[in-house]
1. Please work out the Kirkwood hydrodynamic radius for the chain, using every pair of different C-alpha atoms, and report it in angstroms with one decimal place.
2. Name the aspartates and glutamates eligible as straight-distance cross-link partners of residue 257: C-alpha to C-alpha under 13 Å, and not fewer than 8 places from it in the same chain.
3. Pull up all non-local amide H partners of residue 241: gap of 5 or more, or a different chain, and H-to-H distance under 5 Å with H placed in the peptide plane.
4. Below 14 angstrom from the Cβ of residue 95, what's the summed charge of the other residues (Lys, Arg +1; Asp, Glu -1)?
5. Mind checking which aspartates and glutamates have their C-alpha under 17 Å from residue 133, skipping anything on the same chain fewer than 8 residues away?
6. Could you give the radius of gyration (one decimal) and Dmax (whole number) of the Cα atoms in the range 61-133, in Å?
7. Cα-Cα over 20 Å: which of 49/97; 124/182; 124/249; 49/182; 37/67?
8. Please report 297, 107, 43 as a ranked list, fewest other C-beta atoms within 10 angstrom at the top and most at the bottom.
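Bear in mind that the values in this text are calculations on the coordinates, not laboratory data. Bear in mind that the values here come from a model prediction, so they are computed numbers and not experimental data. A quick note on method: Cβ atoms are made from the backbone with ideal geometry, for glycine too, and the neighbour counts reach across all protein chains shown.
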Amino acid sequence: MLFLQTLAIGSMLAWNANANAVAALVPRQNVNPGPVKGDTFIHDPTVVKTPGGSYIAAFTGDNIQMKQSSDRTTWRDVGAAFPSGASWTTPYTNGDKNLWAPDLSYHNSQYYMYYSASSFGSSKSAIFLATSKSGLPNTWTNQGLVIESTTSSGYNAIDPNLIVDASGKWWLSFGSFWSGIKLVPLNASTGKPSSSTLTSLAFRPTNGGAVEGPFITRKDSYYYLWVSFDACCKGAASTYNIRVGRSTKVNGPYVDKAGVDMMKGGGTLMMSSHGSIHGPGHNAVFTDTDGDVLVYHYYRDDGVAQMGINLIRYDSGWPVIY
Ligand SMILES: *[C@@H]1O[C@H](CO)[C@@H](O)[C@H](O)[C@H]1NC(C)=O
């Protein structure tokens, strides 16, 4: 017993000496997804809770695909947001119907959905806005272009997320690779940019600049910037992992738990591949009666993308997934 304790203390000292190096690679605790049933396939999910208490999800797919749930556990595919197509997006998709990474929210008695139109590996991209009274398929009104990027912009206008700050101002974060994650102020009456000035929030000087899928949340005195590092979309070989940093201001600077600025590659690891959970990433967060809820996709061993749902608690001002 004594021998074992000594051994344990010895390895803890070794652990502490390497803690900084290790912390960047292994999250404090890699938890498994909570229970999800029914139509569990999803990619780049977003979830909104309706005023009636049910849930609507939207995700990457032909003309944006949607699901509904009454209990947050059992999900049912309900069809495309735009069943008649979204012709306005085709200049950015080379005609593909596949639209990416929607962001659902509910404000001013209506649902807002920002979503992306692009093609793989190209920064010729655009973010569009649609609104709906019910949030369900075939009820969305196209509100048009929000922001676009070209092959020479140096950033990529995909992966949008709306955050309403503590003073009621609207902002849109977005971005993928190139010069990283950006923030643009929005006019809350139109949902469109109120200025063309972009603020940079996160950048990775390494790994080909692989940071995308921003999502900003607010809890008490902090804003949290969630992002995904590394590679999505490679089935069970995907290396996506979920990172977070925090700031007292919505427009940054965001730093991770070790104090590293997210503009310098910082980002505290929250979830990475483990066991049969491959490449968890592209997370969203919404607030429910039992706390903040993390939604993401991961790949099973057979390479099929699945919905992951966990709860978030806060420990000394840092989120913990459980
Ligand atoms: C926001 O948009 C509305 C409608 O177009 C416009 O009347 C208003 O002046 C805009 N506000 C700002 C701050 O730009």
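1. Here the Kirkwood hydrodynamic radius works out to 19.9 Å.
2. Candidates past the 8-residue exclusion: 315.
3. Excluding prolines and chain starts, which carry no amide H, the hits are 229.
4. So the environment of residue 95 carries a net charge of 0.
5. Within reach: 103.
6. 13.2, 39
7. Over 20 Å apart, Cα to Cα: 49/97; 124/249; 49/182.
8. Working: 297 26, 107 13, 43 19.
Ranking 297, 107, 43 by Cβ neighbours within 10 Å, fewest first, gives 107, 43, 297.
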